[in-house]
1. Using θ = phi - 60° and the Karplus curve 6.51 cos²θ - 1.76 cosθ + 1.60, what whole-Hz ³J(HN,Hα) does each residue of the range B:177-193 get, with Gly and Pro shown as x?
2. Of the options B:Leu131, B:Leu39, B:Gly115, report the single residue whose Cα projects farthest towards the positive end of the charge dipole of chain B (beta-carbon charges: Lys, Arg +1; Asp, Glu -1).
3. Over all residues in A:60-70, what is the mean tally of Cβ atoms on other chains that come within 10 Å of each residue's Cβ?
4. Which shape class, rounded, prolate or oblate, goes with chain A when its Cα gyration tensor gives a ≥ b ≥ c as root eigenvalues, a/c under 1.5 marks rounded, and past that a/b bigger than b/c marks prolate?
5. Starting from the eigenvalues of the Cα gyration tensor, five times each then square-rooted, give me the equivalent ellipsoid semi-axes of the range A:1-46, largest first, whole Å.
6. Just rank A:Ser157, A:Ser206, fewest to most, by other beta-carbon atoms within 10 angstrom.
7. Identify which of B:Ala159, B:Ala90, B:Ala52 has the largest mean-square fluctuation in a Gaussian network model of chain B, with springs joining Cα atoms closer than 10 Å.
8. Determine, for each peptide in A:86-98, A:47-59, B:39-51, the mean count of other beta carbons within 10 angstrom over its residues, then list the peptides with the highest first.
Amino acid sequence: MLIQLDFSAVLASWPLLVRGVVWTIGLTIVGTVLGLLLGTACAWARARNLGHRPAPLRWAVASYVELVRNTPFIVQLFFLFFGLPALGLKLSPEFASALAMVINLGAYSAEIIRAGIEATPRGQIEAAHSLALTPGQTFRRVVLPPALQKVWPAMVSQIIIVMLGSAVCGQISTPELSYAANLISSNTFRAFEAFILATAVYLLLSMATRRLLMWMGARFLVGR
Amino acid sequence: MVEFSIWDILRNLLMAARWTVTLSLIAFIGGGLVGLMLLVARLSKVRGVERAVGAYVQVFQGTPLLMQLFLAYFGIALFGIKTSPWTAAAVALTLYTSAYLTEIWRGCVASIPKGQWEAAQSLALNFAEQLRHVVLPQALRIAVPPTVGFLVQVIKGTALASVIGFVELTKAGSMISNATFQPFLVYACVALLYFALCFPVSLVAQSLERKLHANRR
């Protein structure tokens, strides 16, 4: 038995792959930035050591976090893309993908950041109060930076999981990397070659992203 | 167009959810067995094996599960073996699970103090005995909560098998939504069913974790 792999046809469609990589990276950047903002807001609402929050707010945030963390990303994506138009809210595939990633990372990062916030020594918050910092200032300048610093490695892993999860967005025809692989495979009939190449690119992307984010964490979170 | 009442939708989804559960269990048990073998191989300190297992873990954790499913689907066929979405999904999810579990368990074994290994050695236990009687029983206690937690990831991971055409909960959802033109209702039901499967498992994992830490205090 002889297995013949022929990458020439697949490699010839490199512009598609490049476009796919650009989309994957773009979606990841949007998802990460907005997802972290959303996650921070939710962590602020759920943290048990930052004073009392109104019960409806805590309840709403808790349900959002648990609903997202206990359902598959692909179902969240399909719900946004196929389900919402029934309510008259039609989203483009690209927008639905980005939105799903933001919502997904928002829920996971909320729990990660909350763990960091709740690990803040109480004396720090009391010291900030005694310096007459407002609650907002305390959160932004005293609580959040060390909290992010503590949980950054877990955060990086989660960001990479979300980036890899974006492969599903090709299923609603967002032109990201896995969509490119699908397209090349149906153009060239070289399915295995197309997917192994895309997989290798994903592996490189995730390794590079981990390095970059760890460096950014050391530079901007610790080195402040 | 077929008339579907909400009851019909739920009944059909529940039937399909059986396959989600079956696939999850196969992946979890199969992945656990493969993961355990990889763990032992890694701990045995045979030259090169540790590195090979590390690379295996990195490949499976650094690539999308969706790509792994496609590769299993087209890769098995490449060897001239007739494959079905069912086998491809079972193989890919088992390997994926094994990579994560072996990494989780490695962390648990690493948290066992070195003195335990040395004490076992000084009692003239061989490698298998050290593992079986001294290290693994202690590591197991720490390993249970994260392992149960990972089961949630496996259940959610099976949703991707729908993409290669395996009819489980998500695929059944798309099929029903195409037949009923009620995507909002159908996908909401699908999401709630996943939630009903995963949330209890999450709660168990959380409470196990709390108990473990209570013991330590």
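FYI, it's all coordinate maths here, none of it is from the lab. All figures in this text were calculated on a predicted structure; none of them were measured in a lab. Please note: Cβ atoms are built from the backbone with ideal geometry, for glycine as well, and neighbour counts cover all protein chains shown.
1. Karplus-based 3J(HN,Hα) across the range B:177-193 equals 5, 5, 7, 9, 6, 10, x, 4, 5, 5, 5, 5, 4, 4, 4, 5, 5 Hz.
2. Sorting the options by dipole projection puts first B:Gly115.
3. 3
4. Numbers: a/c = 3.23, a/b = 1.87, b/c = 1.72.
Prolate is the answer for chain A, as a/c is 1.5 or above and a/b outweighs b/c.
5. Details: eigenvalues 337, 41, 2 Å².
Taking √(5λ) for each Cα gyration eigenvalue gives 41, 14, 4 Å.
6. Working: A:Ser157 16, A:Ser206 21.
Exposure proxy ranking, most exposed first: A:Ser157, A:Ser206.
7. Greatest mean-square fluctuation among the candidates belongs to B:Ala52.
8. Details: A:86-98: 15.6, A:47-59: 12.2, B:39-51: 14.1.
For the peptides A:86-98, A:47-59, B:39-51, the packing ranking is A:86-98, B:39-51, A:47-59.
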